[in-house]
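Data block below; observations after.
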Amino acid sequence: MMREINASIPFDKRMWQQDLRGSKAHVAMLGRQGIVGADDAATISAGLDQVAEEFAANGVPEDLALEDIHMLSESRLAATIGPVAGRLHTARSRNDQVATDFRLWVRDAIDQADAALGALQDALLARAEQHADSVMPGFTHLQVAQPVTLGHHLMAYFEMFARDRSRLKDARARMNLCPLGSAALAGTGFNLDREATAHALGFDGPTRNSLDSVSDRDFALDYLTAAAQCSLHLSRLAEEFVIWASQPFGFVALSDQWSTGSSIMPQKRNPDAAELVRGHSGRISGALVSLMMTMKGLPLAYSKDMQDDKPPVFEAHDLLGLSIAAMTGMVESATFRLERMRAAAEAGFSTATDLADWLVREGGIPFREAHHITGRAVAKAEADGIRLDQLPIAALQEIDARIDERVYGVLSVDASVNSRTSFGGTAPSRVRAAIAAARKGREEEA
């Protein structure tokens with residue numbers, strides 16, 4: 001039972017590539033510094049390459065007696081090159097070794113998430129460009145509010161994911177210091193070149209305090225915080241697809257690739273992928289809370305509680321990658337039902353604000369008074385079962401004599417969206433400008 005509770009190899013074997021990378025950088029530095037003989041350093045480095053080939057070909061074996069990926073790798077190295085493998089662990093501890101491996105792994109996870117989010121942004125850009133003019137209802141409280149364009153709606157998510165990527169990049173920049181050489185907690189008396197190992201592993205430099213280096217996991221919490229926020233944005237987009245795909249809305253038809261059937265109802269096309277993305281957000285947020293609770297009361301330096309730092313990070317990484325890929329596929333393959341969207345925008349008196357604005361602009365009426373006049377016009381249209389732009393001028397002038405024929409220039413949904421030309425607005429011209437700026441940004445990234 002002690003072996004089972006103490007061993008982490010069933011999950012930390014995922015870090016085998018990072019572990020071997022760290023070991024290669026460490027032994028190369030030991031050789032350059034004369035701490036390990038040059039021949040022994042070369043033998044160890046070649047042996048690490050052989051272990052990497054073995055793991056890549058056959059997978060990483062699980063031996064609970066060896067506890068973790070660090071001891072397992074060293075054991076395989078010893079089996080490959082003999083006793084000289086024992087020199088590898090000179091001037092390091094499993095504490096700084098795992099801290100380094102985990103940072104490398106989280107850094108790779110951030111890079112993968114950033115690339116995947118970039119692909120999702122590209123999918124949103126492509127669909128937004130197709131639908132820069134396509135009218136749909138904009139909602140508040142899930143009630144029809146004002147007409148917008150579908151392109152504008154999709155670009156809102158582009159902006160959300162841009163901020164998610166910025167959070168991931170901030171986390172990466174903050175964590176990009178190397179703990180290797182901190183040893184167990186106090187540093188080491190060997191003449192190490194920590195700058196060399198840091199730069200060999202792609203870090204900006206070494207960490208500055210050996211106690212902090214081995215005892216904190218705020219870099220993993222930074223990643224989980226960014227992942228949790230991103231999962232909330234993914235969940236919101238997924239929820240929109242769920243709602244839009246429902247028969248009462250009918251705004252979108254999901255492809256068979258991203259929906260499932262029913263076990264007894266052959267007519268069903270269930271948005272299961274979107275629902276699972278929505279569900280995954282809870283698990284990713286839970287991973288963040290899990291690691292926060294693990295770390296909240298730990299004294300310096302290392303405690304075995306920190307062995308539980310990896311499962312929530314690994315789970316969040318897997319779920320986030322799946323969620324991003326699923327939403328990218330749904331955005332790329334969805335069929336938007338533009339007639340239903342337009343009809344919903346026209347049916348919901350969504351141009352009422354345009355009437356109020358026109359009264360202010362053309363009639364010099366205070367907005368509060370214009371608001372009340374518009375309310376009466378909406379009530380009249382609703383009672384007659386027609387749209388605002390279908391109200392006769394006589395009916396409008398009966399409500400307020402200052403209204404004239406010019407008002408019809410703002411009452412259609414097309415006129416409404418075309419008028420919203422403020423920076424960041426829904427006018428097609430503004431949407432296209434936003435898409436062009438976003439594409440330029442993506443090209444500069446590339």
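Enter the Cα centre distance for the pair the range 315-335 and the range 36-77, rounded to the nearest angstrom.
35
Quantify, in whole percent, the carbon and sulfur part of the accessible surface of the range 145-284 (1.4 Å probe; protein heavy atoms only). Don't jump to the answer; show the numbers that get you there.
Values: 3180 of 6100 Å².
Accessible surface attributable to carbon and sulfur in the range 145-284 totals 52 percent.
Taking only C-alpha pairs under 8 Å that are 6+ residues apart, what is the relative contact order of the range 347-445 in percent?
Values: 86 pairs, mean separation 22.9, N = 99.
Relative contact order comes out at 23 percent.
When you count, for each residue, the other Cβ atoms within 10 Å and take the mean per peptide, how do 327-334, 219-226, 174-181, 147-154 rank with the highest first? Write down the numbers at each step before the final one.
Values: 327-334: 19.8, 219-226: 23.5, 174-181: 22.0, 147-154: 25.2.
Top of the packing list down: 147-154, 219-226, 174-181, 327-334.
Can you say what percent of the DSSP beta bridges in the chain, counting only those with both residues inside, are antiparallel? Round to 5. Show your work: numbers first, answer last.
Values: 9 of 10 bridges.
Expressed as a percentage, antiparallel bridges in the chain total about 90.
Under a GNM of the chain (C-alpha, springs under 10 Å), which listed residue has the highest mean-square fluctuation: A344, A113, A42?
A42
With the contact rule set at Cα under 8 Å and sequence spacing of 6 or more, what percent relative contact order holds for the chain?
Numbers: 642 pairs, mean separation 72.9, N = 446.
After rounding, I find 16 percent.
How long is the gain from L232 to A436 if the chain were fully straight, where each residue apart is worth 0.36 nm and the alpha carbon distance is subtracted? Could the numbers behind the result be given before it?
Numbers: separation 204, 0.36 × 204 = 73.44 nm, distance 2.66 nm.
Difference between extended and current length: 70.8 nm.
Over what distance in Å are the Cα centres of the range 80-158 and the range 174-221 separated?
26
Please compute the modelled spin-label separation between K380 and M2, points set 7 Å along Cα→Cβ, answer in nm with one decimal.
So the label points at M2 and K380 sit 8.8 nm apart.
How much of the accessible area of the range 1-90, in percent, comes from carbon and sulfur atoms when a 1.4 Å probe is used?
Numbers: 2180 of 4340 Å².
Answer for the range 1-90 is 50 percent, counting heavy atoms of protein chains only.
Under a 1.4 Å probe, what is the accessible area of the range 206-300 per residue, stated in Å²?
Details: 4610 Å² over 95 residues.
For the range 206-300, the solvent-accessible area averages 49 Å² per residue.
Would you mind getting the Kirkwood hydrodynamic radius of the chain from its Cα pairs, rounded to one decimal in Å?
Numbers: mean 1/r = 0.0387 Å⁻¹.
Value: 25.9 Å, from the Cα pair sum.
Between F367 and K304, what FRET efficiency follows from the Cβ-Cβ distance if R0 is 60 Å, with the result rounded to 0.05? Can you show the working numbers first?
Details: r = 64 Å, r/R0 = 1.07.
Taking R0 as 60 Å, the efficiency between F367 and K304 is 0.40.
Using bins 5 angstrom wide from zero, how does P(r) for the range 352-426 break down, in % of all Cα pairs?
Percent of Cα pairs in each bin: 3, 17, 28, 26, 17, 7, 2, 0.
Which percent of the accessible heavy-atom area of the range 347-445 goes to carbon and sulfur, probe 1.4 angstrom?
On the way: 2790 of 5280 Å².
Ligands and nucleic acids excluded, carbon and sulfur give 53 percent.
Using Cα pairs under 8 angstrom and six or more residues apart, how large is the relative contact order of the range 1-90, in percent?
Reported as a whole number, the value is 42 percent.
Using a probe radius of 1.4 Å on heavy atoms only, what accessible surface per residue do you get for the range 1-90? Whole Å² is fine.
Details: 4340 Å² over 90 residues.
Ligands and nucleic acids excluded, the figure is 48 Å² per residue.
As an exercise, use a Förster radius of 60 Å and the Cβ-Cβ distance of D218 and Q397 to find the FRET efficiency, rounded to the nearest 0.05. It would help to have the intermediate numbers written out before the result.
On the way: r = 66 Å, r/R0 = 1.11.
Once the sixth-power term is evaluated, E becomes 0.35.
Which order do you get for K304, K310 if you rank them by accessible area with a 1.4 Å probe, largest at the top? Don't jump to the answer; show the numbers that get you there.
Working: K304 90, K310 10 Å².
My answer, sorted largest first, is K304, K310.
Taking 0.36 nm per residue of sequence separation and subtracting the Cα-Cα distance, how much length would be gained by fully extending the chain between Q247 and N191, in nm to one decimal?
Details: separation 56, 0.36 × 56 = 20.16 nm, distance 7.05 nm.
Between Q247 and N191, full extension yields an extra 13.1 nm.
The values are calculated or read from the model by the stated rules, or taken from the named source; none is laboratory data. None of the values given here were measured: they were computed from a predicted structure. For neighbour counting, all protein chains shown are included, and Cβ atoms are generated from backbone atoms with ideal geometry for every residue, glycine included. For accessibility, only protein heavy atoms count, side chains too; no ligands or nucleic acids. Shrake-Rupley method; radii C 1.70, N 1.55, O 1.52, S 1.80 Å.
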